[in-house]
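Participant: Let me begin by handing over the structure; questions about it come next.
The values are calculated or read from the model by the stated rules, or taken from the named source; none is laboratory data. These figures come from a predicted structure and were not determined experimentally. FYI the Cβ positions are ideal-geometry reconstructions off the backbone, even for glycines, and counts take in every protein chain you see.
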């Protein structure tokens, strides 16, 4: 039996639709995923990570690994007390990250490209990201930008000071517009120079800087 031209047309159209769908899926798969900034204007603190880990991107939350010290240390610090009370929890978890802007805390990264390890990010990527990061803080005007680890802050420090010396932890004698800068240890468990208790203490110091 001869196939009617109309039937051939439908099959061809279906094949084109299928090809188009596959192209979309391929494009999505090739698009470098990242975590969206969780920010708004006039926050108390915006935390700046080095870059999102691929694991955190897969989970859809900042500092998503259970071994990362951020959420346990942040939860034990006085700086998160009001947020914990408002949310009715003793310990904040990665899934609380989207709620925290309502309580004064936001999240971004020095480099938005995700990678398995922070060491996968090149110095050029950090340098290229400085202008966007500075513009972000000038626009959002948080009280404090808290960088996690010297790696996340080094390129910014060099642009602002012209110095190649690494900064010390704590309050920096610099501002980005109205935003003060605080440098805290990287909460990654790979950072063996600091204990979990040390991490809590640095967030307590951040709380003191916020009150100053």
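Participant: Among the candidates 197, 192, 83, which residue alone is more than 18 Å from residue 48 (Cβ to Cβ) and in a loop (DSSP other than H, G, I, E, B)?
Facilitator: Matching residue, one of 197, 192, 83: 192.
Participant: Starting from segment 186-200, take each residue that is in the same structural domain as residue 72 (by TED's automatic domain parsing) and in contact (Cβ under 8 Å) with a residue 60 or more places away in the chain and list its partners that are surrounded by fewer than 11 Cβ atoms within 10 Å (Cβ to Cβ) and assigned to a loop (DSSP other than H, G, I, E, B), counting only C-beta distances under 8 angstrom and pairs at least six apart or across chains.
Facilitator: These pairs meet every condition: 189/67.
Participant: Among the residues of segment 72-85 satisfying the criterion of being out of contact with any helix residue (DSSP H, G or I) (no Cβ under 6 Å at 6 or more places or on another chain) and touching a residue at least 12 places away in the same chain (Cβ under 8 Å), which is farthest from residue 108 (Cα to Cα)?
Facilitator: So in segment 72-85, the residues out of contact with any helix residue (DSSP H, G or I) (no Cβ under 6 Å at 6 or more places or on another chain) come out as 72, 75, 81-82, 84-85.
Now restrict to residues that are touching a residue at least 12 places away in the same chain (Cβ under 8 Å): 72, 75, 82.
Numbers: 72: 19, 75: 19, 82: 21 Å.
If we take residues in segment 72-85 being out of contact with any helix residue (DSSP H, G or I) (no Cβ under 6 Å at 6 or more places or on another chain) and touching a residue at least 12 places away in the same chain (Cβ under 8 Å), then 82 is farthest from residue 108 (Cα to Cα).
Participant: Within 22 Å of residue 101 (Cβ to Cβ), out of contact with any strand residue (DSSP E or B) (no Cβ under 7 Å at 6 or more places or on another chain) and touching a residue at least 60 places away in the same chain (Cβ under 8 Å): is that true of residue 135 in this structure? Please lay out each step first, then the result.
Facilitator: Values: within 22 Å of residue 101 (Cβ to Cβ): yes; out of contact with any strand residue (DSSP E or B) (no Cβ under 7 Å at 6 or more places or on another chain): yes; touching a residue at least 60 places away in the same chain (Cβ under 8 Å): no.
No, not satisfied.
Participant: So which residues in segment 167-179 are in contact with a helix residue (DSSP H, G or I) (Cβ under 7 Å, 6 or more places away or on another chain) and closer than 18 Å to residue 133 by Cβ?
Facilitator: 167, 174, 176, 177, 179
Participant: Need the failing condition index for residue 2 against (1) out of contact with any strand residue (DSSP E or B) (no Cβ under 9 Å at 6 or more places or on another chain); (2) modelled with pLDDT of 95 or more; (3) in a loop (DSSP other than H, G, I, E, B), just the number.
Facilitator: (2)
Participant: Among the residues of segment 59-71, which ones are part of a helix (DSSP H, G or I) and over 16 Å from residue 49 (Cα atoms)?
Facilitator: Pass one, segment 59-71, residues part of a helix (DSSP H, G or I): 59, 70-71.
Scanning segment 59-71 gives a single hit, 59.
Participant: Let me ask something else. Failed condition for residue 188, given (1) modelled with pLDDT under 95; (2) surrounded by fewer than 20 Cβ atoms within 10 Å (Cβ to Cβ), with all others met?
Facilitator: (2)
Listed here are the residues, each with its yes/no results for (1) touching a strand residue (DSSP E or B) at 6+ places or on another chain (Cβ under 6 Å); (2) at pLDDT 95 or above; (3) crowded, with 21+ Cβ neighbours inside 10 Å; (4) closer than 25 Å to residue 158 by Cβ.
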position: 79; (1), (2), (3), (4): no, yes, yes, no
position: 88; (1), (2), (3), (4): no, yes, no, no
position: 106; (1), (2), (3), (4): yes, yes, yes, yes
position: 125; (1), (2), (3), (4): no, yes, no, yes
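Participant: Another question, then. May I ask you to verify whether residue 32 is under 16 Å from the mean Cα position of the chain (by Cα) and at pLDDT below 95?
Facilitator: yes
Participant: Filter segment 93-111 down to the residues that are assigned to a loop (DSSP other than H, G, I, E, B), within 17 Å of residue 79 (Cβ to Cβ) and in contact (Cβ under 8 Å) with a residue 40 or more places away in the chain and list them by number. Talk me through it step by step, then tell me what you get.
Facilitator: Taking segment 93-111 first, the residues assigned to a loop (DSSP other than H, G, I, E, B) are 93, 97-99, 104, 110-111.
Retained after the next criterion (residues that are within 17 Å of residue 79 (Cβ to Cβ)): 93, 97, 99, 104.
Within segment 93-111, 97, 104 meet the criteria.
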